[in-house]
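Structure record follows, encoded as structure tokens.
The values are calculated or read from the model by the stated rules, or taken from the named source; none is laboratory data. Note that the coordinates shown come from a computational prediction; the quantities given were computed from them, not determined experimentally. Reconstructed Cβ throughout: ideal geometry from the backbone, glycine too, with neighbour counts over all protein chains shown. Protein only, heavy atoms only, side chains kept; ligands, DNA and RNA dropped before computing areas. Shrake-Rupley method; radii C 1.70, N 1.55, O 1.52, S 1.80 Å.
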Amino acid sequence: MDIMTGVGLVAGIIVIATMMLLGGDLHMFISEHAMIIIFGGSTAATMIRFPLSALMHGLPLGAKFAFTMSRLSAHDLVDELARIAEIARKQGPVGLEKVETDEPFLAKGIRYVADGYDLDFIRDNLERDRDNFLMHLDEGSKIYRAVGDCAPAFGMVGTLIGMVQMFANMTDPSKLGPFMATALLATLYGALVANLFCIPIADKLHGKLLDEETNRTLIIDGILMIRDSKSPTLVREMLLAYLPEKHRHAEGEPVPA
């Protein structure tokens, strides 16, 4: 689990709630009208901006990956692929049938090699799988960013509506306070939804996308080299290029051939 996402959200909520409680109670910060304009308006605008298929894939995938980490880091994948290459070298493709891994994408590549599929088939299928996954993850990032863009704008819309209602009822002082509160709370809700939730999650998903692209490309290259019967030492040395320079020599010791 990606602890930092959860910790950041909880910390942000605690800070906002504390500031609200210092000035009174939470009830004065609740407005059904402001919620309707922010959540209803942002949802409507996002539905117009994206097709249904993108929303169905992008939202749940984005929510999942914002709170989870990859099972294996790039360095772990280099070690794992070198180990698998050693097994393939000693036992042949049949020996890979008993190999277990926590990474589903890697497991699929191992199964292709164990089943004896040709190099082009393995490359095409793994690259297609990678590209589809990255496309859906990118859709998730774009959707959350779109909501983050819409929320402050609809907060301003709510503020304008509240101001119009307030000025239209200047003759009734009892209505001025509620309308002014609605106007200000709409802006508050829009800022919170955008800057505490949606935009940070969109940025987190963009970072996860870059990591997943690197890891899955690394896996594809490793699997193709294993299918091509490359030595474990060569597999490791070739895949170390995916690691930052400072990690290659300190952590990347060649597997004995």
Residue list for region 61-83, restricted to those being in contact with a helix residue (DSSP H, G or I) (Cβ under 6 Å, 6 or more places away or on another chain) and of a type in the set (A, V, I, L, M):
Leu61, Ala66, Ala74, Leu77, Val78, Leu81, Ala82
In this structure, does Glu139 turn out to be assigned to a helix (DSSP H, G or I), within 20 Å of His57 (Cα to Cα) and at pLDDT 95 or above?
no
Going through region 109-127 one residue at a time, which ones are closer than 13 Å to Ile84 by Cβ and either open to solvent by 40 Å² or more (accessible area, probe 1.4 Å) or among the charged types (D, E, K, R) (or both)?
Arg111
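Checking the structure you have, find out if any residue of region 57-67 is touching a Lys or Arg at 6+ places or on another chain (Cβ under 8 Å) and either open to solvent by 40 Å² or more (accessible area, probe 1.4 Å) or not in a helix (DSSP H, G or I) (or both). Can you show your working first?
Initial filter on region 57-67 (touching a Lys or Arg at 6+ places or on another chain (Cβ under 8 Å)): 58, 65-66.
From what is left, the residues that are either open to solvent by 40 Å² or more (accessible area, probe 1.4 Å) or not in a helix (DSSP H, G or I) (or both) are none.
Within region 57-67, not a single residue is touching a Lys or Arg at 6+ places or on another chain (Cβ under 8 Å) and either open to solvent by 40 Å² or more (accessible area, probe 1.4 Å) or not in a helix (DSSP H, G or I) (or both).
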Taking Leu96 and the conditions (1) surrounded by fewer than 17 Cβ atoms within 10 Å (Cβ to Cβ); (2) in a helix (DSSP H, G or I), which numbered condition does it fall short on, given that it satisfies the others?
(1)
Of Asp172, Asp221, Asp228, Asp149, which residue is of a type in the set (Asp, Glu) and under 30 Å from Ala45 (Cα atoms)?
Asp149
Number of positions in region 34-48 that are open to solvent by 40 Å² or more (accessible area, probe 1.4 Å) and either in contact with a Pro (Cβ under 9 Å, 6 or more places away or on another chain) or closer than 26 Å to Asp211 by Cβ (or both):
0
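Okay, residues lined up against (1) surrounded by fewer than 18 Cβ atoms within 10 Å (Cβ to Cβ); (2) in contact with a Pro (Cβ under 6 Å, 6 or more places away or on another chain); (3) modelled with pLDDT of 90 or more; (4) not in a helix (DSSP H, G or I):
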| residue | (1), (2), (3), (4) |
| --- | --- |
| Leu72 | no, no, no, yes |
| Val78 | no, no, yes, no |
| Asp102 | yes, no, no, yes |
| Leu106 | no, no, yes, no |
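Determine whether region 221-236 contains at least one residue that is farther than 14 Å from Ala82 by Cα and not charged (D, E, K, R). I'd like the intermediate steps shown before the answer.
The first filter runs over region 221-236 and keeps only residues farther than 14 Å from Ala82 by Cα, leaving none.
Checked against the condition, which is being farther than 14 Å from Ala82 by Cα and not charged (D, E, K, R), region 221-236 yields no hits at all.
To keep it simple, each residue is scored yes or no on (1) on the phi < 0 side of the Ramachandran plot; (2) free of Cβ contacts under 8 Å to residues at least 12 places away in the same chain; (3) over 34 Å from the mean Cα position of the chain (by Cα); (4) open to solvent by less than 20 Å² (accessible area, probe 1.4 Å).
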| residue | (1), (2), (3), (4) |
| --- | --- |
| Asp129 | yes, no, no, no |
| Ala153 | yes, no, no, no |
| Val164 | yes, yes, yes, no |
| Thr182 | yes, no, no, no |
| Ala186 | yes, no, no, yes |
| Tyr189 | yes, no, no, no |
| Ala194 | yes, no, no, yes |
